[in-house]
Amino acid sequence: MRKQEFLAELEARLFGLPQDDIRERLIFYSEMIDDRMEEGLSEEDAVSEIGPVDEIVSQILAEVPFTAIVKEKVKPKRALKAWEIVLLALGSPIWLSLLIAAFAVMLSAYVAAWSFIVSLWAIGASSAACSFAGIFAAFAFWIRGDVIIGIAMLGAGVFFAGLSILLFFGCKQVTGCFLHLTKKMALGIKSLFVGKGDAE
């Protein structure tokens, strides 16, 4: 891919971002390609060394605040006519309440997922506490002369210690996956607002 093709595709994929951000990114990548060409690479090699456009767009979307994207998208491209303003005002009880309801449902699902993860961590912490309590109780029973009960308490303490270790690694994995999913969802939502230059 040549430099101008790369920059044109990047500009089209970033449509919907603030114009200053798009211009700044295009200048940045143009200079990056020029620097590589000055180092002796061909134009195609310089472009391919930067990476695929998909990865670059994902990285840029991760850096740009969501509010900036929405602000750019909802900014009217032309002045609204009187009848359009009246229709927006009359329809606001319907579309605004649906928008709020959709946001509330998504937020509730997100909070419920985090609640589940916090509950898993709480179970792991409780298991660790039970393991310490079991081991401590085992020694207390042994000192009193109740060896059989002490062995049972030690067994329970070891069981809960193993369970807490297992839960720790499981919770760590689930939390990492959910954080990764959250990042992907944020990028997906942002991408709904950008890259529609050809369609409009």
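The values are calculated or read from the model by the stated rules, or taken from the named source; none is laboratory data. Only a predicted model underlies this, so the values are computations on that prediction, with no experimental measurement involved. Here the Cβ positions follow ideal geometry from the backbone for every residue, glycine too, while neighbour counts run over all protein chains shown.
Quick check, is SER115 buried (at least 17 other Cβ atoms within 10 Å of the Cβ) and part of a helix (DSSP H, G or I)? Write out each step before concluding.
Numbers: buried (at least 17 other Cβ atoms within 10 Å of the Cβ): no; part of a helix (DSSP H, G or I): yes.
Taking the combined requirement at face value, the residue does not satisfy it.
Condition check ((1) surrounded by 14 or more Cβ atoms within 10 Å (Cβ to Cβ); (2) polar (S, T, N, Q)) across all residues:
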residue	(1), (2)
ILE100	no, no
TYR110	no, no
TRP121	yes, no
SER127	yes, yes
GLY134	yes, no
ILE143	no, no
ALA156	yes, no
THR175	yes, yes
MET185	no, no
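Residue pairs whose Cβ atoms lie under 6 Å apart, sitting 6 or more positions apart in sequence or on different chains, and linking a residue in segment 1-29 that is part of a helix (DSSP H, G or I) to a partner that is modelled with pLDDT under 80 and surrounded by fewer than 16 Cβ atoms within 10 Å (Cβ to Cβ), are ALA12/GLY197.
Every residue, every condition in (1) out of contact with any helix residue (DSSP H, G or I) (no Cβ under 7 Å at 6 or more places or on another chain); (2) in a helix (DSSP H, G or I); (3) modelled with pLDDT under 90, yes or no:
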{"residue": "ILE148", "(1), (2), (3)": "yes, yes, no"}
{"residue": "LEU154", "(1), (2), (3)": "no, yes, no"}
{"residue": "PHE159", "(1), (2), (3)": "yes, yes, no"}
{"residue": "ILE165", "(1), (2), (3)": "yes, yes, no"}
{"residue": "PHE168", "(1), (2), (3)": "no, yes, no"}
{"residue": "CYS171", "(1), (2), (3)": "no, yes, no"}
{"residue": "THR175", "(1), (2), (3)": "no, yes, no"}
{"residue": "THR182", "(1), (2), (3)": "yes, yes, yes"}
{"residue": "LYS190", "(1), (2), (3)": "no, yes, yes"}
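All but one of (1) farther than 30 Å from ARG13 by Cβ; (2) surrounded by 13 or more Cβ atoms within 10 Å (Cβ to Cβ); (3) not charged (D, E, K, R) hold for LEU166, so report the exception by its number. Single failed check for LEU166: (2). Looking at (1) farther than 30 Å from VAL53 by Cβ; (2) surrounded by 11 or more Cβ atoms within 10 Å (Cβ to Cβ); (3) free of Cβ contacts under 8 Å to residues at least 60 places away in the same chain, which is the one condition that is false for LEU192? It fails just one condition, (1).
On the basis of being within 29 Å of GLY16 (Cβ to Cβ) and at pLDDT 85 or above, does VAL105 make the cut? So that I can check it myself, show each step before the final result.
Working: within 29 Å of GLY16 (Cβ to Cβ): yes; at pLDDT 85 or above: yes.
Yes, satisfied.
Here is the figure for segment 13-55: residues that are surrounded by fewer than 15 Cβ atoms within 10 Å (Cβ to Cβ) and closer than 26 Å to ILE189 by Cβ total 9.
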